[in-house]
4 protein chains.
Amino acid sequence: MIKVGIIGATGYVGAELLRLLLNHPKVQVFKISSVSFIGEEISSIYKNFINKTNLICENAEEVLSNCDVIFTDLPHGLSEEIAEKALSENKLLIDLGADFRLSSESEYLKWYNKKFDKPDIHKYSVYGLPELNKEKIKKSKLIANPGCYPTSIELALLPLLKNSLIHTSRIICDSKSGTTGSGRSLSLTSHYTEVNENFSPYKIGCHRHLPEIEETLNSISKEKVKITFTPHLLPINRGIISTIYLSPKNKINLIELRKIYLDFYKNEPFINILPLGDIAQIKQVRLSNYCNISLHLNHREDGLIIVSTIDNMIKGAAGQAIQNMNLCLGFEETEGLNLISPSF
Amino acid sequence: MIKVGIIGATGYVGAELLRLLLNHPKVQVFKISSVSFIGEEISSIYKNFINKTNLICENAEEVLSNCDVIFTDLPHGLSEEIAEKALSENKLLIDLGADFRLSSESEYLKWYNKKFDKPDIHKYSVYGLPELNKEKIKKSKLIANPGCYPTSIELALLPLLKNSLIHTSRIICDSKSGTTGSGRSLSLTSHYTEVNENFSPYKIGCHRHLPEIEETLNSISKEKVKITFTPHLLPINRGIISTIYLSPKNKINLIELRKIYLDFYKNEPFINILPLGDIAQIKQVRLSNYCNISLHLNHREDGLIIVSTIDNMIKGAAGQAIQNMNLCLGFEETEGLNLISPSF
Amino acid sequence: MIKVGIIGATGYVGAELLRLLLNHPKVQVFKISSVSFIGEEISSIYKNFINKTNLICENAEEVLSNCDVIFTDLPHGLSEEIAEKALSENKLLIDLGADFRLSSESEYLKWYNKKFDKPDIHKYSVYGLPELNKEKIKKSKLIANPGCYPTSIELALLPLLKNSLIHTSRIICDSKSGTTGSGRSLSLTSHYTEVNENFSPYKIGCHRHLPEIEETLNSISKEKVKITFTPHLLPINRGIISTIYLSPKNKINLIELRKIYLDFYKNEPFINILPLGDIAQIKQVRLSNYCNISLHLNHREDGLIIVSTIDNMIKGAAGQAIQNMNLCLGFEETEGLNLISPSF
Amino acid sequence: MIKVGIIGATGYVGAELLRLLLNHPKVQVFKISSVSFIGEEISSIYKNFINKTNLICENAEEVLSNCDVIFTDLPHGLSEEIAEKALSENKLLIDLGADFRLSSESEYLKWYNKKFDKPDIHKYSVYGLPELNKEKIKKSKLIANPGCYPTSIELALLPLLKNSLIHTSRIICDSKSGTTGSGRSLSLTSHYTEVNENFSPYKIGCHRHLPEIEETLNSISKEKVKITFTPHLLPINRGIISTIYLSPKNKINLIELRKIYLDFYKNEPFINILPLGDIAQIKQVRLSNYCNISLHLNHREDGLIIVSTIDNMIKGAAGQAIQNMNLCLGFEETEGLNLISPSF
């Protein structure tokens, strides 16, 4: 049994990773760490783990030295040093933070206001979007797990950009996320009474997922991609939906476009291209690793609208990390991820 | 005291009208009607009216013949005949349905699949957006109260179009509405478990508010306006927010743009142009007659983003109808609408 | 115009008081204070006040020295000194905290772990439940505004205890409250993702409202009242409902019991005794100053069940405080409180 | 692989059964039926099943004749005939409706207003609460799966009644359920805007789960049990919590009481008796098959309060049915039910 560990297990993404990994048939969660809860049982922090695990939060070093696979779920700037050590011991490290998502140090500096701490190791990292980089992921020991918003948007656009079907200079992504996206840290914007019965855009024009989306899409697009991206906070716990507005180069036939999508994703187990007429919505994918995508035209048929939805905590974080681990370790890609979204 | 009546008082908009009118200092709700509940006290249907009113649902004829001001909240196609009678008796009729919103019969036919029943009276109707048509409204006896989505979008765009600041061929309106918008009628899409913890686009490219938005905006714009409009269902009761994406003709300075908005709306009591940096959100306006508007640039500063929010039941329906009534009757425009949104 | 002020205006109760007082026709909110936000406009903290008031948070002393009526919304232990000063200047002080709710200093010590700071002034205070103490309230200058849970429970039980209809040794109150009850302070128990889709009892057997309920009920009951009280946190913003289980001394006829309730509350404008068969629910009273009460028997007809519901922020706090102010100042009891609960 | 089928697969309980059974390693869902959707793919009705199953709704006869294990999720009165046929062919039938829950035909007549259709087969049925009837379940071919409220209440009370620790003449059960309990049928009480931001008791003193609770508890209690039971509707999708108020015969020591509970449930994999001080809440068990129970005293220590929570769709319906199937078929009791509740 492969020994896996989680550094930063008490954050929301860490806790979700733990939940999924505990039911993974081919790995054992051997160690977990947390800065704030050292010495405490995880089941005293998240009561859903009562009678499910006796794991105790230790320090990061314990995880790093005792596990074969390490997941890091940390604020940006804290994973590079850990990754360097993991690489030096030939372990697999999957980072769920932002440290390795951008390959451009200048973009990283611009958006995160800091330089790379360990610039030498970035060349070993692979952007862990399996539907884009599967073969590279399989050979890598350092995976940059994508952000939640980028996953929903990139999966919606890859087939279009690959086939140069749209004008790339004005792509509009109107995204909406549940509150787990902002994690367990307390803030007025996550206070129940502020979120409930409300809906609000935030960080208009300045969200850090923007350069990640552009860099990834530019890697597949012949023409430079320019994204306008507005995140919004939904009064629900889980789920992201992105409504994306595009200008096609030529008149779009949706039947043919759907074939292009089906073909592009024909080997991908977690992408559902919905039948024409259906509309993607969050409840179709909640608590699963799926990305559901639906294709639409505006009423003049001169504009294309793509709707894409994922569970931000699973395909947008912990599930995708496990999908990447499966690929790296040579398991079935779907191992431990055979989750069916509840009907309600 | 002016006698007012509501035809269709047991729908959500009708009930909201009743609630607001009962506290209006210058009118008396004298009669209400309902097809389904004739003979029943409104307080037995909506328990919030217990000890507030003894009004009993009667038939429409009772309302029409006994009141000076008539509000109609009916499915499309049912208001024209009533309006004809009201006009013939020189009464004020404010229609909260769709019958008089489109001046073009061909557009009406296209989107509503029927012709005007009483084409002769349409020339007397005025589109009841006070911030656009105040003087006409004051002189009219037949008001077409705007739709909820159109109100949120039109108010956001009027100053831009008046000043020809944007390209009009690709205006993208991503709108989100609470569930009261779909009314009291039962359907699976309004079933609690289907809406809760979900979020979904609907009627992509085919919502009937689209021609209303285009017709209204074209009335002020020199260049033809082409709207892409996607409505989404939010898991909240009240409120609409529209995030609108625009291409400016020239580089936008937000400080100057805000001055243009402030100037355009300088005499309007219900429009708040938020300070730069603030973002409009639904809770700012819930249960009030305000429209809050905030102005933003995307990160390249080549795209303009306007956020506009209203309470769909008040500024988007009942409140705006009362605002129109106040104008028609020569009252203070804010009479009975001095509502402060609850802080939570 | 009477000048009123709020000490502690940026808490949830303070903000709600401000909202209601701004629309009160006979008083002017002249000064407000806040420890944390001195110098800031209240409309920059609560955006719903934009264009409604320019009031700026000052220190408590400014409020105290410039206003005729002072509302205090402070953590326990901070109102006594302010009250002493107000009394010495013959001003009206209405305390929305806990400092004056218990007349017994030993009970206060037991539950709040501190003694009275100013024991001499407690004799001037009146427990501000108008339906119990109206005449005393009218003559008082120092009002202890009741707690939210106590209001819902006491109003449900007063007629029974006055008439000695039930056994008092085992009264079970199962109460459920929306999250505004725990205020604006951040905590994990008010974090959106923790509250949403959850429901939880808390402070079982140790909630500080318990001695208040018992003291108040003992003031009207011939036999000693023993309450079992369990509060629960509801995933909604506003509202309290208490389901109360009682053992009648003799077989109960609900028709007669309802007459007793109607008679007891015959002069009370804010109490609705629902028709038999109807069940009180939160939406009937949200955003109003009403308390709705319904009467039921269990299936063996040997147990009585009373359901009582209020808006915790209005009849349970700010609305009741204004009701008390109206009584003290000789206004109509309903002045400024003519609020109709929204239908949805 | 055992062939299982679901009669009534398009109701909420049926859909949940399907979801769980599709991931059960030892059975194959071979046929499903639905009266309303014959010929339709289940994945077109519940979109979460896209790419998970191609099952098509057929008629009940197809299920009955082709499967070894049959689950029925039907309105009361419709399962007896199916059960008779299943018994005659020596198949296992697990009924999730009410037809076999009451052994007393007179009680059934009183609460359901009809007699048994097939009185002869009732003697073969076993009440499928594994923690009470495990050995009987293992030998039975006809299982009456318990109701959701009864499961939460009975599990909380069995150890107390077994040990005669409480007075049984006044047991008060204040229960709160999410909306999935009322299923997929449309009604105003399940309309989103009516449920959201509301909370309401319903069927006070007349809910059909009452006789089931009393009959089950009387089977283990020496003294006759009298339940007062009030259900309430929570604005959440899933979960039941019951707050139960009891009069102990002697002073209770919670440490000893907890030992009694731990001992009673020592072989039960799905019962968590929480550490003293912890309080059971719905999010601990959502989407799992657990029942969490916490023990408390009121502030005078003369009253016992038990809090019990389950997922109404899993331990309260589909999960418990699978637990029963596992027992009947000789599988591990936890097979296919190794679900960890999500942390959020």
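Would you confirm whether or not the range B:186-194 contains a residue that is among the polar types (S, T, N, Q) and under 20 Å from the mean Cα position of the chain (by Cα)? Full working, then the answer.
Residues of the range B:186-194 among the polar types (S, T, N, Q): B:187, B:189-190, B:193.
Then keep just the ones that are under 20 Å from the mean Cα position of the chain (by Cα); that gives none.
No: zero hits.
Can you confirm whether the range B:42-59 contains a residue that is touching a Cys at 6+ places or on another chain (Cβ under 8 Å), modelled with pLDDT of 95 or more and crowded, with 21+ Cβ neighbours inside 10 Å?
yes
Of all residues in the range B:95-131, which are crowded, with 20+ Cβ neighbours inside 10 Å and in a loop (DSSP other than H, G, I, E, B)?
B:Leu96, B:Gly97, B:Ala98, B:Asp99, B:Phe100, B:Arg101, B:Leu102, B:Gly128, B:Leu129
Which one is nearest to C:Ile271 (Cα to Cα) among residues in the range C:301-326 that are among the hydrophobic types (A, V, I, L, M, F, W, C) and surrounded by fewer than 24 Cβ atoms within 10 Å (Cβ to Cβ)?
C:Ile305
Consider C:Leu157 against the criteria (1) buried (at least 24 other Cβ atoms within 10 Å of the Cβ); (2) within 15 Å of the chain's Cα centre (by Cα); (3) farther than 23 Å from C:Ile6 by Cα: it satisfies all of them except one. Which criterion is unmet?
Condition not satisfied by C:Leu157: (2).
So which residues in the range B:175-208 are touching a residue at least 60 places away in the same chain (Cβ under 8 Å), under 25 Å from B:Ser34 (Cβ atoms) and within 14 Å of chain A (Cβ to nearest Cβ)?
B:Ser177, B:Gly178, B:Thr180, B:Gly181, B:Arg208
Let's see how each residue does on (1) closer than 30 Å to A:Arg286 by Cα; (2) out of contact with any helix residue (DSSP H, G or I) (no Cβ under 9 Å at 6 or more places or on another chain); (3) touching a residue at least 60 places away in the same chain (Cβ under 8 Å); (4) among the hydrophobic types (A, V, I, L, M, F, W, C):
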site: A:Val35; (1), (2), (3), (4): yes, no, no, yes
site: A:Ile56; (1), (2), (3), (4): yes, no, no, yes
site: A:Ser125; (1), (2), (3), (4): yes, no, no, no
site: A:Lys136; (1), (2), (3), (4): yes, yes, no, no
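Can you name the condition, by its number, that D:Lys251 falls short on among (1) at the interface with chain C (Cβ under 10 Å from one of its Cβ atoms); (2) of a type in the set (Lys, Arg); (3) under 26 Å from C:Lys110 (Cα atoms)?
Of (1) at the interface with chain C (Cβ under 10 Å from one of its Cβ atoms); (2) of a type in the set (Lys, Arg); (3) under 26 Å from C:Lys110 (Cα atoms), only one is false for D:Lys251: (1).
Confirm whether A:Pro235 is at the interface with another protein chain (Cβ under 7 Å from one of its Cβ atoms) and touching an Asp or Glu at 6+ places or on another chain (Cβ under 9 Å). Walk me through it before giving the result.
Details: at the interface with another protein chain (Cβ under 7 Å from one of its Cβ atoms): yes; touching an Asp or Glu at 6+ places or on another chain (Cβ under 9 Å): yes.
Spelling it out, A:Pro235 is indeed at the interface with another protein chain (Cβ under 7 Å from one of its Cβ atoms) and touching an Asp or Glu at 6+ places or on another chain (Cβ under 9 Å).
If you check every pair at least six apart or on different chains, which have Cβ atoms under 6 Å apart with a residue in the range B:1-21 that is buried (at least 22 other Cβ atoms within 10 Å of the Cβ) first and a residue that is modelled with pLDDT of 95 or more and among the aromatic types (Phe, Trp, Tyr) second?
Filtered contacts from the range B:1-21: B:Gly5/B:Phe30; B:Ile6/B:Phe71; B:Thr10/B:Phe37; B:Ala15/B:Tyr46; B:Leu17/B:Phe71.
Here is a check on your reading of the model: is B:Ser308 more than 12 Å from the chain's Cα centre (by Cα), in a strand (DSSP E or B) and in the same structural domain as B:Tyr245 (by TED's automatic domain parsing)?
Details: more than 12 Å from the chain's Cα centre (by Cα): yes; in a strand (DSSP E or B): yes; in the same structural domain as B:Tyr245 (by TED's automatic domain parsing): yes.
Criteria met by B:Ser308.
Does C:Ser308 meet the test of being among the hydroxyl-bearing types (Ser, Thr, Tyr), more than 10 Å from chain D (Cβ to nearest Cβ) and closer than 21 Å to C:Tyr245 by Cβ? Steps first, please.
Working: among the hydroxyl-bearing types (Ser, Thr, Tyr): yes; more than 10 Å from chain D (Cβ to nearest Cβ): yes; closer than 21 Å to C:Tyr245 by Cβ: yes.
Yes.
Residues that are under 21 Å from the mean Cα position of the chain (by Cα), within 14 Å of chain D (Cβ to nearest Cβ) and not hydroxyl-bearing (Ser, Thr, Tyr), at least 2 per element: which helices (runs of 4 or more DSSP H) completely within the range A:1-94 meet that?
Working: elements: A:12-22, A:42-45, A:60-66, A:80-88.
In the range A:1-94, the matching helices (runs of 4 or more DSSP H) lie at A:12-22.
Part of a helix (DSSP H, G or I), away from chain D (no Cβ under 11 Å) and surrounded by fewer than 22 Cβ atoms within 10 Å (Cβ to Cβ): does that describe C:Lys224? Working first, answer last.
On the way: part of a helix (DSSP H, G or I): no; away from chain D (no Cβ under 11 Å): yes; surrounded by fewer than 22 Cβ atoms within 10 Å (Cβ to Cβ): yes.
Judged against the criteria, C:Lys224 is not a match.
So, D:Asn237, is that one assigned to a loop (DSSP other than H, G, I, E, B), at pLDDT 95 or above and within 24 Å of the chain's Cα centre (by Cα) or not?
Values: assigned to a loop (DSSP other than H, G, I, E, B): yes; at pLDDT 95 or above: yes; within 24 Å of the chain's Cα centre (by Cα): yes.
Taking the combined requirement at face value, the residue satisfies it.
Which residues, counting only those in the range D:254-279, are outside any helix (DSSP H, G or I), among the aliphatic types (A, V, I, L, M) and either in contact (Cβ under 8 Å) with a residue 40 or more places away in the chain or more than 14 Å from chain C (Cβ to nearest Cβ) (or both)? Steps first, answer last, please.
The first filter runs over the range D:254-279 and keeps only residues outside any helix (DSSP H, G or I), leaving D:265-279.
Next, only the ones that are among the aliphatic types (A, V, I, L, M) stay: D:271, D:273-274, D:276, D:279.
Correct list: D:Ile271, D:Ile273.
Among the numbered criteria (1) farther than 26 Å from C:Trp111 by Cα; (2) of a type outside the set (Gly, Ala, Ser); (3) part of a loop (DSSP other than H, G, I, E, B), which single criterion is violated by C:Pro159?
With (1) farther than 26 Å from C:Trp111 by Cα; (2) of a type outside the set (Gly, Ala, Ser); (3) part of a loop (DSSP other than H, G, I, E, B) applied to C:Pro159, the lone miss is (3).
Restricting attention to the range A:280-298, and to residues there that are aliphatic (A, V, I, L, M) and more than 7 Å from every other protein chain (Cβ to nearest Cβ), which single residue is farthest from A:Ser177 (Cα to Cα)? Working first, answer last.
Applying the first criterion (aliphatic (A, V, I, L, M)) to the range A:280-298 yields A:280, A:282, A:285, A:287, A:293, A:295, A:297.
Filter once more, keeping what is more than 7 Å from every other protein chain (Cβ to nearest Cβ): A:280, A:285, A:293, A:295.
On the way: A:Ala280: 14, A:Val285: 13, A:Ile293: 16, A:Leu295: 20 Å.
That would be A:Leu295.
For D:Ser242, state whether it is within 11 Å of chain C (Cβ to nearest Cβ), touching a Cys at 6+ places or on another chain (Cβ under 6 Å), among the hydroxyl-bearing types (Ser, Thr, Tyr) and part of a strand (DSSP E or B). Steps first, answer last, please.
On the way: within 11 Å of chain C (Cβ to nearest Cβ): yes; touching a Cys at 6+ places or on another chain (Cβ under 6 Å): yes; among the hydroxyl-bearing types (Ser, Thr, Tyr): yes; part of a strand (DSSP E or B): yes.
Yes; evaluated as a whole, the condition is true for this residue.
Which one of D:Glu84, D:Glu105 is of a type outside the set (A, V, I, L, M) and out of contact with any His (no Cβ under 8 Å at 6 or more places or on another chain)?
Numbers: D:Glu105 fails: out of contact with any His (no Cβ under 8 Å at 6 or more places or on another chain).
Result of the check over D:Glu84, D:Glu105: D:Glu84.
Give the residue, chosen from D:Leu157, D:Leu188, D:Leu132, D:Leu161, that is out of contact with any Phe, Trp or Tyr (no Cβ under 8 Å at 6 or more places or on another chain) and closer than 30 Å to B:Thr189 by Cβ.
On the way: D:Leu157 fails: closer than 30 Å to B:Thr189 by Cβ; D:Leu132 fails: closer than 30 Å to B:Thr189 by Cβ; D:Leu161 fails: closer than 30 Å to B:Thr189 by Cβ.
D:Leu188 is the lone residue from the list that is out of contact with any Phe, Trp or Tyr (no Cβ under 8 Å at 6 or more places or on another chain) and closer than 30 Å to B:Thr189 by Cβ.
Answer yes or no: is there a residue in the range D:323-341 that is of a type in the set (Val, Ile, Thr) and within 12 Å of another protein chain (Cβ to nearest Cβ).
Here is the first cut: in the range D:323-341, the ones of a type in the set (Val, Ile, Thr) are D:334, D:340.
From what is left, the residues that are within 12 Å of another protein chain (Cβ to nearest Cβ) are D:334, D:340.
Within the range D:323-341 (the criterion being of a type in the set (Val, Ile, Thr) and within 12 Å of another protein chain (Cβ to nearest Cβ)), the answer is yes, since at least one residue qualifies.
State whether one or more residues within the range B:316-323 are touching an Asp or Glu at 6+ places or on another chain (Cβ under 9 Å) and in a loop (DSSP other than H, G, I, E, B).
No; the residues of the range B:316-323 include none that is touching an Asp or Glu at 6+ places or on another chain (Cβ under 9 Å) and in a loop (DSSP other than H, G, I, E, B).
The values are calculated or read from the model by the stated rules, or taken from the named source; none is laboratory data. Remember, it's a predicted structure, so these values are computed and weren't measured experimentally. Please note: Cβ atoms are built from the backbone with ideal geometry, for glycine as well, and neighbour counts cover all protein chains shown.
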